[in-house]
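Okay, handing you the structure first.
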Amino acid sequence: GEVMQLVSKADLEEVAERVAACEKTNTDQDAKLGMTMDTVTKVLKEIKDGRVGAPPALPPASPPRLLPPQPVAKPGRRLRSSSNGNFVNELSITGPNAVLSWNSHTPELTSFNCTGVGDGSLSCSGEMIATDFVVQGNTMSEMLLRIDRLAADVTAAIDRQNPSFDFEYGFASQDPQPYILPLLPLPGIRGCPRGWVCTGDVTVRTESVLPVFARSHGSQEGSYFLYVGDDGASGTATSTYFHLPAGATSMKYLHAGGADGPNGLYLLGANGNMLASGTRTTNTNVFDRITVPLHGHLNESMVYLSAVKSAETNWHKLMIDDIHFLDAWGNRLQCC
């Protein structure tokens, strides 16, 4: 009973101390609360009386830290140095399939793309239009001019080789012949036509040099025609090879003179096989249109012509003009 009494007394003393401490804490808090309430009451009264003062000024804020000035960016990509120390502006698009695109993903517009796949070339999706291009130091206009000149030279060379079929322009010999007297040429007579090889009495003439009774009365095509062998003379005119027009089924030409067959105009293949022959038996110097079938040799490509006239007497001239080729429907084909 004594022990329990001692414990109970100690506990009571401790509780008493705690209560005293709490009372002191409560007293301090009540004092602070009272001061706070007094302040609030004072402020409310000043607000009511219109005497509230401005709040104290805030201390000035410290200025923000400024960044150092940056260089102004120039157009293009960053400067990169090369092996020799020079600087170049380089626009780089890396990757195994690099595409530079204009107007992509734009409604109602067609995009233009240039693609590089790492093979050293650039493929673009459409035309590139410029006033000129430079390729290996040569402008495109200069190269086109050279090509035009070369094409003109080639055309001129071909024209010199292809035989004349109307006998109007170009002669193997530009000197008129024969001569009436030495150094006195006979007008209206030319030598062997361009693209032909002539032997014997072969010339290119106009009807003005023929006697009135032997004239063609304007039935020729143009002014000149091929004149192979006068009465009592012989001659042969053989053309160079030329390409037979594709689709040709017949040959048509003007024929005059009284030389009977086998004198006439012949079309032969490259190996000399006969493709067409034109002869007649009419004794007149007026030109007639003669159409000769090609005997079904339509697979020939390189052919040549030969006008042949043997030596005989009266009514034995051979005159040829305006040689051309027709298709199966009678249409004139472009030749040579």
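What follows is calculated from the coordinates using simple rules that are stated; it is not laboratory data. Keep in mind it's a predicted model, so treat the numbers as computed, not measured. Positions of Cβ are generated from backbone atoms using ideal geometry, with glycine treated the same way; all protein chains shown enter the neighbour counts.
With a point put 7 Å past each Cα toward its Cβ, work out how far Ser301 is from Asp132 in nm, to one decimal.
Those two pseudo-labels are separated by 4.1 nm.
So how far apart, in nm, are the two label points at Asn89 and Asp327 if each is 7 Å from Cα heading toward Cβ?
With each label placed 7 Å out from Cα toward Cβ, I get 5.8 nm.
Let me ask you something else. At 0.36 nm per residue, and after removing the present C-alpha to C-alpha distance, how many nm does the segment from Ser104 to Ser223 gain when stretched out fully? List each step's numbers first, then the result.
Details: separation 119, 0.36 × 119 = 42.84 nm, distance 6.50 nm.
Separation in residues times 0.36 nm, less the Cα-Cα distance, equals 36.3 nm.
Taking the Cα-to-Cβ direction at Ser250 and at Met143 and moving 7 Å from each Cα, how far apart do the two end points lie in nm?
Once both label points are built, they end up 4.9 nm from each other.
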